[in-house]
Amino acid sequence: MPPYNSPVRLEKLSLQTAGKFVSELGVQLVKSAHSSSMPNFTTVGSTSLFPARQIRRHLKDMLHHAVSYRLSPISSKHLLHAQRVCRHLQQVLVNMVPYYMVNAVTLELLKQLDNRFDEVHALAEQPWCRRILHEIVKAILHPELTELFITWRWKYIAEFVITEMSNLSNLKVFKLPLNVEFIEKAKTSSVELTVKKQLPTMAKLQKFVFHHYCTDETIRALCESCSLLKCLDIYLSNNVTDASVQHIMKLKYLEELDITETDISDEGRVRLLTGLSQNSAKPLISYRTYSFTNPEISVLSNQFPDLREFSASLLREDLSIRDFRRFYNLEVCHIYSYGEFLYSDVFEYIGSHLLELSFVGPSVNITDIIKNCPNLKSLVIKADHLRMDNAHLPGLFSLQHLTLRTRDSPGATVLLSQCQNLTSLQLCTQQMFFMLLNEVMLKNRLASLQHLCVGSLNENVPPDAVAFLTQHCTNLMTCKVFGGQDAELRALYQQYPGVQVEPDLWIQLADNVGFANKGRKTEIVKTIVNYMYEFRSPYSFEYN
């Protein structure tokens, strides 16, 4: 039996079992309340026993009861029953879940509950159903929870989870990342208001990730209540302006800051960095922004010499690239470039220090990366074209993880051939690439590869390519495929029981290629959606 076909760990099985039990309980509470409130017409006898007038009256009564059933709530006794069951569930979870598993158990229960409610989606908007669902969510949220990650996949429970955050006094990490579906439903104001109300009770919060929805008012409430904050990530929040600078400057323990695509001006960012350098008890080690300017790089290089990570979508033509040489401790770099900027010169100054590099853009010169970044352990490239010089390329022997999304199949073949010691590979490219697999394996047998995630931008990965990879990569522990409808993929690869089918990975690997395109906030969401549909083939899954 190959390693990638090994049994699931007992811990994961136990989490899944608990999730199935709780989600089944929630659905049954809704179904039982729903069935009990339905009108009962079983007492009516054969229509042959009634004259025509009585039949018409009876049909009229049936329609009346059916309409009233749709509009009226369920009885209070069923709600009280649901509340009692949920209180008992909460006590069981509090008493039986060990503290070191609270985060994992809670996340699994919430995830499976939301998935299972697809069975009763027709009732999900009914007020009584929402009340029952709210009670279940309240029961699941363990009072000792320290990490809360609200994902874009949640269709039914997100707002209830946010509402109950005020009861999570030990919460240290809150994440609500970019959610295209929420944006298109115009729920920004209600989500922002709900989150803002919960902040006064979250004094222990250390990490706050709130994409798109954040406003100046949220920042003010956050900085007044959460003085221990270490990480602030408000990516794509164009309602955060220079008015927030005075509040963020007060965060003395701030180590990570992401203000990419906010409305904080160039001058505001310089003032913010200057203030943090004077007020902070700990130095900034991670800084992410949209446009990088000379005053910013001057403050960062002079006041934050321990900076380990920086991210920029735009490197301006007049940028003083030589100032990058002062970042002796820089280990992680993210560049989102949609123009011919000076990123090659940046690699020349900081490349020797880098351990992680992420590049997103229309094209990238692979030669510059390989020659200037010899110590990379992790490399992420999302570019349509991979350019390289004719000179012989040295191998990337230190590289352990590679994420590659490209249309350039020949370029992908050359790059992958240089990565001799990969232990993890995420690959999203054209189907043509898989015809060149033999050429890759002749130069690089991927002998150390343990984790493989592979998909195609057009149609699905050929089953024989999956078979080829799993046969030759003998140390694989996990193998995942993505790119089409879930049921279709499972049928396509059912003869490979160790291969996991995960269609959602397509979005994770392909979405933020479009973030930097056009360059400004008003077109960001449109760009993301257009990019997804541009590469979606007739065989690709529908984006929900």
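The values are calculated or read from the model by the stated rules, or taken from the named source; none is laboratory data. Because the structure is a prediction, the values reported are computed rather than measured. Using ideal geometry, Cβ is built from the backbone for each residue, glycine included, and neighbour counts are taken over all protein chains shown.
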Quiz item: Taking the stretch 411-459 as the search range and keeping residues that are part of a loop (DSSP other than H, G, I, E, B) and among the aliphatic types (A, V, I, L, M), which one is farthest from CYS479 (Cα to Cα)?
Solution: LEU457
Exercise. For residues that are modelled with pLDDT under 85 and in contact with a Gly (Cβ under 9 Å, 6 or more places away or on another chain), scanning just the stretch 342-361, find the one that is nearest to LEU509 (Cα to Cα).
Key: GLY361
Practice problem: Mind listing whichever residues of the stretch 151-208 are under 20 Å from SER237 (Cβ atoms), among the hydrophobic types (A, V, I, L, M, F, W, C), in a loop (DSSP other than H, G, I, E, B) and at pLDDT 90 or above? | Solution: MET202, LEU205
Quiz item: Does the stretch 376-395 include one or more residues that are at pLDDT 85 or above, over 21 Å from LYS443 (Cα atoms), crowded, with 16+ Cβ neighbours inside 10 Å and out of contact with any strand residue (DSSP E or B) (no Cβ under 9 Å at 6 or more places or on another chain)?
Solution: no
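Per-residue answers, yes or no, for (1) closer than 30 Å to ASN170 by Cα; (2) in the same structural domain as ALA33 (by TED's automatic domain parsing); (3) at pLDDT below 95:
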site: HIS64; (1), (2), (3): no, yes, yes
site: SER76; (1), (2), (3): no, yes, yes
site: LEU80; (1), (2), (3): yes, yes, yes
site: GLN83; (1), (2), (3): yes, yes, yes
site: GLN91; (1), (2), (3): yes, yes, yes
site: PRO98; (1), (2), (3): yes, yes, yes
site: TRP128; (1), (2), (3): no, yes, yes
site: ILE136; (1), (2), (3): yes, yes, no
site: ALA139; (1), (2), (3): yes, yes, no
Self-check item: Enumeration of residues in the stretch 308-320 that are crowded, with 18+ Cβ neighbours inside 10 Å and over 17 Å from SER358 (Cα atoms)
Solution: LEU319
Practice problem: Among the numbered conditions (1) at pLDDT 85 or above; (2) surrounded by fewer than 16 Cβ atoms within 10 Å (Cβ to Cβ), tell me where ASP114 comes up short. | Solution: (2)
Quiz item: In the stretch 234-267, what count of residues is obtained for those that are surrounded by fewer than 20 Cβ atoms within 10 Å (Cβ to Cβ) and either of a type in the set (Gly, Ala, Ser) or under 12 Å from TYR290 (Cβ atoms) (or both)?
Solution: 5
Self-check item: Residue check, THR274 buried (at least 19 other Cβ atoms within 10 Å of the Cβ) and either closer than 23 Å to LEU178 by Cβ or out of contact with any Asp or Glu (no Cβ under 7 Å at 6 or more places or on another chain) (or both)
Solution: no
Exercise. Starting from residues that are buried (at least 17 other Cβ atoms within 10 Å of the Cβ) and more than 27 Å from the chain's Cα centre (by Cα), keep the ones in the stretch 26-51 and report whichever is modelled with the lowest pLDDT.
Key: HIS34
Quiz item: If we scan the stretch 357-369, do we find a residue that is out of contact with any strand residue (DSSP E or B) (no Cβ under 6 Å at 6 or more places or on another chain), of a type in the set (S, T, N, Q), buried (at least 17 other Cβ atoms within 10 Å of the Cβ) and in a strand (DSSP E or B)?
Solution: no
Practice problem: Identify the residue in the stretch 288-338 that is among the charged types (D, E, K, R) and at pLDDT 85 or above and, among all such residues, is nearest to the chain's Cα centre (by Cα). | Solution: ARG288
Exercise. Looking only at the stretch 387-410, count how many residues are outside any loop (DSSP other than H, G, I, E, B) and under 26 Å from the mean Cα position of the chain (by Cα).
Key: 5
Quiz item: Would you say GLN426 is polar (S, T, N, Q) and modelled with pLDDT under 90?
Solution: no
Quiz item: For the stretch 118-170, how many residues are surrounded by 16 or more Cβ atoms within 10 Å (Cβ to Cβ), closer than 18 Å to GLU24 by Cβ and out of contact with any helix residue (DSSP H, G or I) (no Cβ under 8 Å at 6 or more places or on another chain)?
Solution: 0
Quiz item: Just one of the numbered conditions (1) touching a helix residue (DSSP H, G or I) at 6+ places or on another chain (Cβ under 8 Å); (2) buried (at least 21 other Cβ atoms within 10 Å of the Cβ); (3) closer than 26 Å to LEU355 by Cα is not true of CYS419; which one?
Solution: (1)
Quiz item: Out of the stretch 256-286, which residues are of a type in the set (Ser, Thr, Tyr) and over 16 Å from PHE208 (Cβ atoms)?
Solution: SER265, THR274, SER277, SER280
Practice problem: Look through the stretch 460-506, keep the residues that are hydrophobic (A, V, I, L, M, F, W, C), more than 23 Å from LEU442 (Cβ to Cβ) and assigned to a strand (DSSP E or B), and return whichever of them is nearest to the chain's Cα centre (by Cα). | Solution: PHE482
Quiz prompt | In the stretch 140-149, the residues that are within 13 Å of LEU113 (Cβ to Cβ) and part of a loop (DSSP other than H, G, I, E, B) | solution = LEU141
Quiz item: Of the residues that sit in the stretch 107-128 and are without any contact (Cβ under 8 Å) to a residue 40 or more places away in the chain and in a helix (DSSP H, G or I), which one is nearest to SER14 (Cα to Cα)?
Solution: ASP118
Quiz prompt | Qualifying positions in the stretch 297-331 - touching a strand residue (DSSP E or B) at 6+ places or on another chain (Cβ under 7 Å) and in a helix (DSSP H, G or I) | solution = LEU300
Practice problem: Answer with yes or no whether ILE369 is aliphatic (A, V, I, L, M), at pLDDT below 90, closer than 23 Å to ILE350 by Cα and in contact with a Phe, Trp or Tyr (Cβ under 8 Å, 6 or more places away or on another chain). | Solution: yes
